[in-house]
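A.B. asks: What follows is a single structure, and I will ask about it in a moment.
The values are calculated or read from the model by the stated rules, or taken from the named source; none is laboratory data. From a predicted model like this one, the values you see are computed outputs, not experimental measurements. Every residue, glycine as well, gets a Cβ built from its backbone with ideal geometry; the counts of neighbours run over all protein chains shown. The accessibility values were calculated without ligands, DNA or RNA, using every heavy atom of the protein model including side chains. Shrake-Rupley method; radii C 1.70, N 1.55, O 1.52, S 1.80 Å.
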Amino acid sequence: MSTTPDIRFPRSTSETGRVSPKYTRHGSGAKGGFEMAAWLFMRLSGIVLVVLIFGHLFVNLMLGNGVHAIDFGFVAGKWASPFWQWWDLAMLWLAMLHGTNGVRTIINDYADRDTVRFWLLIVLFAAAAAIVILGTLVIFTFNPCPTVNGVPLPGSFCPKP
Amino acid sequence: MTASTAEPASKVELPASVGGGGEIPTFDVTLRVRRYNPEVSDESHWDEFKLTMYGTDRVLDALHKVKWELDGSLSFRRSCAHGVCGSDAMRINGRNRLACKTLLKDLDTSKPITVEPIKGLPVEKDLIVDMEPFFQSYREIMPFLVAKGHAPTKERLQSPEDRERFDDTTKCILCAACTSSCPVFWTDGQYFGPAAIVNAHRFIFDSRDDAGDMRLEILNDKEGVWRCRTIFNCSEACPRGIQVTKAISEVKQAVLARQF
Ligand code: HEM
Ligand code: SF4
Ligand code: FES
């Protein structure tokens, strides 16, 4: 009798002989409303960031004494004005959301194991949240002339006590 | 009646000055083929074949020469051998192309020519991959006309302008060169891939079709058009010269336009 070895049908790796489960979209039904919003946000925030970032660079590096004027007092002076507080806040939030979403995309594109992807995203979101919260706090609570233990810290720009 | 029949008109006697097949220059090439046979080993390996080929030969002819004269176990797909069936997309010198449309003389014959299966799909043997996941995505976008109302008794007429709108994406031969050139597809095989989007485009922008919204809804998926990173690998790979990335962008815009 013939002794043909029992070789499994080579088509695809699944038992059903159809599409390997690796390729079936488990998230099917998960609509892309969020992905569409993220895609749109990258482009809109990008446009706003061009104005914010180049405005920021121009004011800090070119105007007046330019880069030589930057010191603690310069930053203190800018943040004394609500205009620059809101400018920097917008820059912080947009750049962080934009950058975080960009790195999220890169992680999704390159991490092929679900657990690796999960933990990379956790680290990314935790880092982004920390920076956004701390940055927002600093912009609005920044006090260049604090009084420590009843002694005002020296600062040439601070009002004399 | 004489027994001798006239020479058929198609056989033209060429003067020596024009030259015949024998005058086509020959050269030596080394073909480096990635071999895989799951019945023998789980590992793939490279085999090298030294061949003398003609200036008119394509990579497919070199593969034929190997299979017919040197190693009959070499496995690959091909049907038409003329760039219309889409069977023989493979990775030649690191680029996805059809073996039957790639002339050897256009490659660097001073170095071995590498031939591998297309990436991102399960290899079954040598250059043959499982196309089933690729066709599954293709089926999901409903690649057929869906028209409301009664079927007309004549053709469904269309203006030349309306026909022109999706002309580029009608040229697809489903070779999978584009989808298997896309790094997003390589990662986890979840992305619908350029070919599915190209074939959705062909119906979304067809004025005779009424299911465009359904296809846009299907492609507005977590693994749909938004995974495209606009890197143009697909456009470069397409043997039909379809502007694949442009078609994907148009589908993205159509999804957006529908929301606002
Ligand atoms: C100067 C203004 C900026 C513009 C016009 C801009 C524009 C864009 C656009 C349109 C994308 C999407 C690319 C895609 O979907 O394929 C993108 C991605 C990205 N952006 Fe920005 N961006 C700007 C500033 C920034 C800043 C300040 C950061 C860092 C905080 C940043 C980090 C990223 C990252 C990490 C990505 C993902 C890379 C990728 O998808 O290939 N961008 N940018
Ligand atoms: S779009 Fe081009 S590369 Fe992609 S499957 Fe169709 S013919 Fe092949
Ligand atoms: S064999 Fe048909 S396209 Fe190459």
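A.B. asks: If you take the beta carbon distance between A:Leu137 and B:Met142 as r and set R0 to 45 Å, what does 1/(1 + (r/R0)^6) give as a FRET efficiency, to the nearest 0.05?
C.D. replies: Once rounded, the FRET efficiency stands at 0.30.
A.B. asks: Here is a further query. Summing -39500 (n - 2.57) over the DSSP H runs of n ≥ 4 in chain B and dividing by its residue number, what mean residue ellipticity at 222 nm do you reach, to the nearest 500 deg cm²/dmol?
C.D. replies: Working: 8 runs with 67 residues, N = 260.
Theoretical 222 nm ellipticity from helices: -7000 deg cm²/dmol.
A.B. asks: Of A:Thr105, B:Thr52, which has the most accessible area with a 1.4 Å probe, and how do the rest follow in descending order? List each step's numbers first, then the result.
C.D. replies: Numbers: A:Thr105 25, B:Thr52 75 Å².
The most accessible residue leads, giving B:Thr52, A:Thr105.
A.B. asks: Then there is this: Sort out for me the Cα centre separation of the stretch A:33-78 from the stretch B:151-191, rounded to whole Å.
C.D. replies: 42 Å
A.B. asks: Related question: Can you pull the mean other chain C-beta count within 10 Å for peptide B:187-195? Before the final figure, lay out each step's value.
C.D. replies: Working: counts 6, 10, 7, 8, 3, 1, 0, 0, 0.
Taking all residues of B:187-195 together, the mean is 4.
A.B. asks: Going 7 Å from the Cα of A:Val75 in the Cα-to-Cβ direction, what parts of the stretch A:124-147 have a backbone nitrogen less than 15 Å from that spot?
C.D. replies: Within reach of a label on A:Val75: A:134-146.
A.B. asks: Turning to a different aspect of this structure: Multiply the residue separation of A:Ile122 and A:Phe34 by 0.36 nm, subtract the distance between their alpha-carbon atoms, and state the gained length in nm to one decimal. If you can, show how the numbers build up before the last one.
C.D. replies: Values: separation 88, 0.36 × 88 = 31.68 nm, distance 1.81 nm.
Gain in length upon complete extension: 29.9 nm.
A.B. asks: On a C-alpha basis, how far is the centre of the stretch B:26-75 from the centre of the stretch A:94-112 in Å? Whole number, if you could?
C.D. replies: Distance between centres, Cα-based: 42 Å.
A.B. asks: For the stretch B:196-260, rounded, prolate or oblate, judged on the Cα gyration tensor with a ≥ b ≥ c (square roots of eigenvalues), a/c < 1.5 rounded, else prolate if a/b > b/c?
C.D. replies: Values: a/c = 2.19, a/b = 1.37, b/c = 1.60.
Since a/c reaches 1.5 but b/c is at least a/b, the shape of the stretch B:196-260 is classed as oblate.
A.B. asks: For B:Glu124, enumerate residues with amide H under 5 Å from its amide H, sequence gap 5+ or separate chain, H modeled in the peptide plane.
C.D. replies: B:Val129, B:Asp130
A.B. asks: Just to verify a number: FRET efficiency for A:Phe58 and B:Glu164, C-beta to C-beta distance, R0 = 45 Å, to 0.05? Walk me through the numbers before you get to the answer.
C.D. replies: Working: r = 47 Å, r/R0 = 1.04.
For A:Phe58 and B:Glu164, the calculated efficiency is 0.45.
A.B. asks: State whether chain B is rounded, prolate or oblate according to the following rule on the C-alpha gyration tensor (a ≥ b ≥ c being the square roots of its eigenvalues): a/c under 1.5 gives rounded; otherwise a/b larger than b/c gives prolate, and the remaining case gives oblate.
C.D. replies: oblate
A.B. asks: With a 1.4 Å probe, how much accessible area is buried between chains A and B, both sides summed, in Å² to the nearest hundred? The partial results should precede the final answer.
C.D. replies: Details: alone 12450 and 14570 Å², together 24260 Å².
Buried area between the two chains comes out at roughly 2800 Å².
A.B. asks: Give me the accessible area of B:Lys111, 1.4 Å probe, in Å² rounded to the nearest 10.
C.D. replies: Spelled out: B:Lys111, probe radius 1.4 Å, area about 120 Å².
A.B. asks: With the Cα gyration tensor of the protein assembly as shown giving a ≥ b ≥ c as the square roots of its eigenvalues, does the rule (a/c under 1.5 for rounded; else a/b larger than b/c for prolate; else oblate) give rounded, prolate or oblate? Please list the in-between numbers first.
C.D. replies: Values: a/c = 2.32, a/b = 2.08, b/c = 1.11.
Note, shape of the protein assembly as shown comes out prolate.
A.B. asks: Could you work out the equivalent-ellipsoid semi-axes for the stretch A:33-145, taking the square root of 5 times each eigenvalue of the Cα gyration tensor, largest first, in whole Å?
C.D. replies: On the way: eigenvalues 209, 55, 30 Å².
For the stretch A:33-145, the ellipsoid semi-axes come out as 32, 17, 12 Å.
A.B. asks: Starting from 0.36 nm per residue, how many nanometres of slack lie between B:Lys119 and B:Leu70 once their C-alpha separation is accounted for? Before the final figure, lay out the partial values.
C.D. replies: Numbers: separation 49, 0.36 × 49 = 17.64 nm, distance 2.61 nm.
Value of the extension gain: 15.0 nm.
A.B. asks: Mind checking which lysines have their Cα closer than 27 Å to the Cα of B:Lys125? Skip sequence neighbours fewer than 8 apart in that chain.
C.D. replies: Output for B:Lys125: A:Lys22, B:Lys50, B:Lys65, B:Lys67, B:Lys101, B:Lys111.
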